[in-house]
């Protein structure tokens with residue numbers, strides 16, 4: 001395994017991190033912005049009003065995106081183990 005292979009594996013790892021972490025974080029950001037606007041309009045500034053919908057939306061995003069996340073992580077794990085076997089075999 002040379003430097004190019006390690007770099008490609010690190011790039012793939014960063015892609016997996018973005019694919020797994022991006023959707024829940026984006027949903028949390030959008031719900032947080034909407035709740036902030038609602039709190040500004042209604043002048044109700046309580047932390048739990050923003051926290052509970054954000055938590056529920058992120059959990060829903062994890063449930064909806066769960067199969068995609070599992071398949072992405074499984075594919076990456078297979079790739080890493082295949083590379084490990086290739087390095088150990090040569």
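The values are calculated or read from the model by the stated rules, or taken from the named source; none is laboratory data. Note that the structure is predicted; figures quoted are calculated from it, not measured. Positions of Cβ are generated from backbone atoms using ideal geometry, with glycine treated the same way; all protein chains shown enter the neighbour counts.
How many of the residues in the stretch 81-90 are touching a residue at least 60 places away in the same chain (Cβ under 8 Å) and loosely packed, with under 12 Cβ neighbours inside 10 Å? Full working, then the answer.
The initial filter retains those residues of the stretch 81-90 that are touching a residue at least 60 places away in the same chain (Cβ under 8 Å), namely 83, 86-87.
The next check asks that each one be loosely packed, with under 12 Cβ neighbours inside 10 Å; those that pass are 86-87.
The qualifying residues number 2.
Being exposed (fewer than 11 other Cβ atoms within 10 Å of the Cβ) and assigned to a helix (DSSP H, G or I) is the filter here; which residues of the stretch 34-74 pass it? Spell out the reasoning first.
The initial filter retains those residues of the stretch 34-74 that are exposed (fewer than 11 other Cβ atoms within 10 Å of the Cβ), namely 37, 40-48, 63, 66-67, 71, 74.
Scanning the stretch 34-74 gives 37, 40, 41, 42, 47, 48, 63, 66, 67, 71, 74.
Hey, any hits in the stretch 67-84 for a residue that's farther than 26 Å from residue 5 by Cα and at pLDDT 90 or above?
Kept after step one, since they are farther than 26 Å from residue 5 by Cα, are these residues of the stretch 67-84: 67.
Remaining after also requiring at pLDDT 90 or above: 67.
So far as the stretch 67-84 goes, yes, one or more of its residues are farther than 26 Å from residue 5 by Cα and at pLDDT 90 or above.
Any residue in the stretch 54-69 that is free of Cβ contacts under 8 Å to residues at least 60 places away in the same chain, within 21 Å of residue 10 (Cβ to Cβ) and out of contact with any strand residue (DSSP E or B) (no Cβ under 9 Å at 6 or more places or on another chain)?
Taking the stretch 54-69 first, the residues free of Cβ contacts under 8 Å to residues at least 60 places away in the same chain are 54-69.
Filter once more, keeping what is within 21 Å of residue 10 (Cβ to Cβ): 69.
This time we only want the ones that are out of contact with any strand residue (DSSP E or B) (no Cβ under 9 Å at 6 or more places or on another chain), so: 69.
Yes: one or more hits.
Pick from the stretch 1-24 the residues that are under 9 Å from the mean Cα position of the chain (by Cα) and surrounded by fewer than 13 Cβ atoms within 10 Å (Cβ to Cβ): which of them is nearest to residue 73 (Cα to Cα)?
17
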